[in-house]
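Notes for the one structure printed next.
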Amino acid sequence: MKEKGDLIELVSLLKNRLTFIFHEIDEEKLVYTVFEVLNSRGLDVSWFDRLKSMLMAVVFESDGGNVSEHIKEVHKIWSQIYECAGLDLELSTEALRFAATLWLEEQPKRLLSEADAVECLREKSSRGAAEVISTSRWLLRVTQAVARLYADHQRKAVTEFSQARLLAVAVNLREDLTADEREALLQRWENVTFRIYGIHRKDSRTKVGDYVRLAWAVTRGELDPEGVLAQLKWIGRDFPLARGLDEFVKNEDCYSGWGEEIRYMLYRRERYLAEHQDRTLNEKKWKAIWEGQAAESIEHVLPQKNREQKLVHRLGNLVLLPPRVNSRLGATEPKKKKEEYLKTGLLVAQEVADSLPAWDARAIRQREKELLAWAKKEWAD
């Protein structure tokens, strides 16, 4: 009955207290004045939207006989920006900060805040419509580059820190690179970044200036591909791969707090196996794995409820499965899992299935040894 009463109260509230004010404005120019007034009253408006309002106001105030064409062009560009960013606030925020930081005249040491980014781009556009169009086109390019990175599950999984993603975006913005050069740079970026933030577990304060300065230099074309590769190697010099991996497996628990890193690592293993067996990835199953939480797909071959707790969370006992398969198997003993693993179509699961039904401490340590030997080659410079 309480739920019924709550529903009646909600209907009453909507009917008697909710009010909409519709204010029709004949002149489009006034829209942006109204927007600025609302913004000044403290209403929650994104910095992304504020920038558009500021830029449109500059166009409307500009002199010349092509104002209507300029307005149409800016509307077109911003329609493409919004279409690219969608409703992803994280993406639009990052695109805004990246665009301004990479456009600074002097080499920056850190990413600009949203407020400073808006002020930077507004200032660069203050002289008239031509500058507004140029700024908008640049923001569109950066938004598209950020969206491409976000859509690349493998590379987005490398790090949660913006300064590192800024460099990947900068590489994608370079139009003079060949496809092979771009891929080589992104591969080196991926390996170095995962070593620092994934294997060595460094926090967001680590290497901020190095990543930001290099991203700025890359965008401006100050370094050729070999120079960028050398700088990336220099950034990772203090984080040797072998030492990081050895420290990682010294901890018997390679699962708790390591979900994202394990998922990414085993995805790379899957790609490695596919390349060496001349197989194609099962993109449908991997899409499901990436879209869920990492813990939903990380499978303990020896179940977590097993009495051998020191073995359960070791790297050699972990594998990836599609989310529903993982939850269905639950506490099933390893000897009963082989057929299910083979059905997944995932090479990392089939690799483990080859060792079943036997699965003991020796098998776990042997698989861990093999994974470590592979990883020391896979993420090397």
Matching residues in the stretch 272-286 - criterion: being touching a helix residue (DSSP H, G or I) at 6+ places or on another chain (Cβ under 9 Å) and either polar (S, T, N, Q) or free of Cβ contacts under 8 Å to residues at least 40 places away in the same chain (or both): Q277, T280, L281, N282
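Just checking, which of A115, A100 is under 16 Å from W216 (Cβ atoms) and either hydrophobic (A, V, I, L, M, F, W, C) or surrounded by 13 or more Cβ atoms within 10 Å (Cβ to Cβ) (or both)?
On the way: A115 fails: under 16 Å from W216 (Cβ atoms).
Only one candidate qualifies: A100.
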Reported set for the stretch 372-381 where residues are part of a helix (DSSP H, G or I) and either buried (at least 20 other Cβ atoms within 10 Å of the Cβ) or free of Cβ contacts under 8 Å to residues at least 12 places away in the same chain (or both) is A373, A375, K377
Going through the stretch 256-301 one residue at a time, which ones are at pLDDT below 90 and among the aromatic types (F, W, Y)? W286
Any residue at all in the stretch 297-309 that is among the polar types (S, T, N, Q) and open to solvent by less than 30 Å² (accessible area, probe 1.4 Å)? yes
Just one of (1) open to solvent by 10 Å² or more (accessible area, probe 1.4 Å); (2) within 18 Å of the chain's Cα centre (by Cα) trips up A168, so point out which. (1)
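Looking at the stretch 339-366 only, could you name the residues that are open to solvent by less than 20 Å² (accessible area, probe 1.4 Å) and within 13 Å of L318 (Cα to Cα)? Show your work before the answer.
So in the stretch 339-366, the residues open to solvent by less than 20 Å² (accessible area, probe 1.4 Å) come out as 341, 344, 346-349, 352-353, 356, 364.
Correct list: Y341, V348, A349, V352, A353, I364.
Within the stretch 77-89, which residues are free of Cβ contacts under 8 Å to residues at least 40 places away in the same chain and either open to solvent by 70 Å² or more (accessible area, probe 1.4 Å) or not in a loop (DSSP other than H, G, I, E, B) (or both)?
From the stretch 77-89, those free of Cβ contacts under 8 Å to residues at least 40 places away in the same chain are 79, 82-83, 86-87; that's our starting set.
Selection gives S79, Y82, E83, L87.
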Just wondering, is there one or more residues in the stretch 26-49 that are of a type in the set (S, T, Y), open to solvent by less than 40 Å² (accessible area, probe 1.4 Å) and either within 30 Å of R148 (Cβ to Cβ) or modelled with pLDDT of 90 or more (or both)? yes
Considering every residue within the stretch 156-166, establish whether at least one is out of contact with any Lys or Arg (no Cβ under 8 Å at 6 or more places or on another chain), under 21 Å from S79 (Cα atoms) and in a helix (DSSP H, G or I). no
Entirely in the stretch 186-295, the helices (runs of 4 or more DSSP H) that have 3 or more residues that are over 17 Å from the mean Cα position of the chain (by Cα) and surrounded by 14 or more Cβ atoms within 10 Å (Cβ to Cβ): 208-219, 225-235, 241-250, 259-276
Every pair of residues 6+ apart whose Cβ atoms lie under 6 Å, when the first sits in the stretch 135-157 and is over 19 Å from V192 (Cα atoms) while the second is open to solvent by 70 Å² or more (accessible area, probe 1.4 Å): L140/Q80
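Scanning for something aromatic (F, W, Y) and modelled with pLDDT of 95 or more, does the stretch 360-378 turn up at least one residue? Give the derivation first.
If we filter the stretch 360-378 for residues that are aromatic (F, W, Y), which is where we start, we get 374.
Then drop every residue that is not modelled with pLDDT of 95 or more, which leaves 374.
Yes, the stretch 360-378 has at least one match.
Could you list all residues from the stretch 311-325 that are crowded, with 22+ Cβ neighbours inside 10 Å, part of a helix (DSSP H, G or I) and without any contact (Cβ under 8 Å) to a residue 60 or more places away in the chain? Even if it seems obvious, please write down each step before you answer.
Taking the stretch 311-325 as the starting set, the residues that turn out to be crowded, with 22+ Cβ neighbours inside 10 Å are 314-322.
So of that shortlist, the ones also part of a helix (DSSP H, G or I) come out as 315-317.
Hits for the stretch 311-325 are G316, N317.
Restricting attention to the stretch 326-338, and to residues there that are crowded, with 20+ Cβ neighbours inside 10 Å and assigned to a helix (DSSP H, G or I), which single residue is modelled with the lowest pLDDT? First the steps, then the outcome.
Of the residues in the stretch 326-338, the ones crowded, with 20+ Cβ neighbours inside 10 Å are 326, 334, 337.
Of the ones still in play, those that are also assigned to a helix (DSSP H, G or I) are 326, 334.
Values: N326: 83, P334: 87.
So, considering only residues that are crowded, with 20+ Cβ neighbours inside 10 Å and assigned to a helix (DSSP H, G or I), the one modelled with the lowest pLDDT is N326.
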Let me confirm something: among E105, E123, which residue is open to solvent by 20 Å² or more (accessible area, probe 1.4 Å) and in a loop (DSSP other than H, G, I, E, B)? E105
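The values are calculated or read from the model by the stated rules, or taken from the named source; none is laboratory data. All values derive from a computational prediction rather than experimental measurement. FYI the Cβ positions are ideal-geometry reconstructions off the backbone, even for glycines, and counts take in every protein chain you see. What goes into the accessible areas is simple: the full protein's heavy atoms, side chains included, and nothing from ligands, DNA or RNA. Shrake-Rupley method; radii C 1.70, N 1.55, O 1.52, S 1.80 Å.
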